[in-house]
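Every number in this text was worked out from the coordinates using simple rules, so none of it is lab data. Quick caveat: nothing in here was measured; it's all calculated off a predicted structure. Methodologically, a virtual Cβ is constructed for each residue, glycine included, from the backbone with ideal geometry; neighbour enumeration extends over all protein chains shown.
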Amino acid sequence: MAWLLFSAACSTAAVYLVGRVGGWTAAAFLAVEPLQVQYAAEVNNYPLLVLLVAFALHEHHRKRAWGLALAGVLAGWTHLLGGFVVGLLALSW
C-alpha cells in the first residue's frame, strides 16, 4: 500500500508542477496519459530498492551479518538486481 501511495504522490506532484509551468491543459494531459500512468505503476518498487541497498551498505559498514542478510532477502524480493548487489556486498565482507 505504501508503494502505491508513494507512486501516486509522485504522479500527483508531477501533475501539479506541470500545471504550474505548462498550464491546466498540460496537467490534464499528463494526468490521463496512459504511458505516464503505466510508468508510475511500474516504478513503484525502485524507491524501496534504493532504500534496501542503502540499508545493506550501512549494515556492511557496521559489520552486522544479520542486517546484511535481512537487507539481501528483502532487496532480492523487491528486485533481482537488489539481491545481486547485496550478494556482492556479502562477498566483499
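For a paramagnetic label modelled at 7 Å from the Cα of W93 toward its Cβ, which residues of the range 58-72 fall within the zone defined by backbone nitrogen distances under 13 Å?
Those under the cut-off are 59-72.
When the chain is fully extended, how far beyond the present Cα-Cα distance does A31 get from L57, taking 0.36 nm per residue of separation?
Gain in length upon complete extension: 5.7 nm.
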